[in-house]
1. Could you compute how fast the chain diffuses translationally, taking Rh as the Kirkwood radius over C-alpha pairs and applying Stokes-Einstein at 4 °C with viscosity 1.567 mPa s? Give it in µm² per second.
2. Neighbouring Cβ atoms within 10 Å as the yardstick, rank Asp61, Asp71, Asp44 fewest first.
3. For a 28 Å ceiling on Cα separation, which of these pairs sit above it: Lys56/Lys163; Lys56/Lys90; Lys16/Lys127; Lys56/Lys108; Lys21/Lys108; Lys26/Lys108?
4. Show me the trypsin sites (Lys or Arg not before Pro) within the range 1-94 that DSSP assigns to loop and that have at most 13 other Cβ atoms within 10 Å of their Cβ.
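Read-outs: derived from the displayed coordinates by stated rules, not from any lab. Values in this document were obtained by computation on a predicted structure and should not be read as measured data. Note that each Cβ is placed from the backbone with ideal geometry, even for glycine, and that neighbours are counted across all protein chains shown.
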Amino acid sequence: MSPEIDEKAIRNDDPKRLTIKIAHAKTDALLSHISEPAILVTIDQVVVVHGAIREKPIDEDECRTFLRSYDDTPVEVVNGTVVTNTATGKRAEGNNVVTLRFRPIPEKVIDQLIAEGDVLHCAGGLKAEHSALKRYLVSMEGTEESLQGVPIDLVKRLMEEVK
């Protein structure tokens, strides 16, 4: 289900708080569409580089700038997760961070990624699990699932909290 919210209208300078606020807004938008008891999971993701929060790039130029900047600096992928028991209304929230380091990404790889288009819909223009990017990944602290925006261990823990 798509929550159809204006994520840009929700602001916070702290990436962990920002992702949690957006995940709560997604929950609020979806609750009225759920009639049966359920466990609702909403997640938001941003990328943080040099303290700057990066959401989805606004265009190809911004995406190109983002991708060029990822070499030899820590890149944090921050997930904010909210799990809600729709029968009880109980909510639990948490954050998960994956830290990446890349070698310089060649222009031809950046061109390829932008031409394919997926990176334009990813936080920070970063789809680190893409085969073209993986070969430039030097290190990763965190899980592949978290990198893809679904921090499984965190979701399981939060589901237990709302039971």
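1. D = 79 µm²/s.
2. Listing Asp61, Asp71, Asp44 from fewest to most nearby Cβ atoms yields Asp61, Asp71, Asp44.
3. The answer is Lys56/Lys163; Lys56/Lys90; Lys21/Lys108; Lys26/Lys108.
4. Sites meeting the loop and neighbour criteria: Arg11, Lys90.
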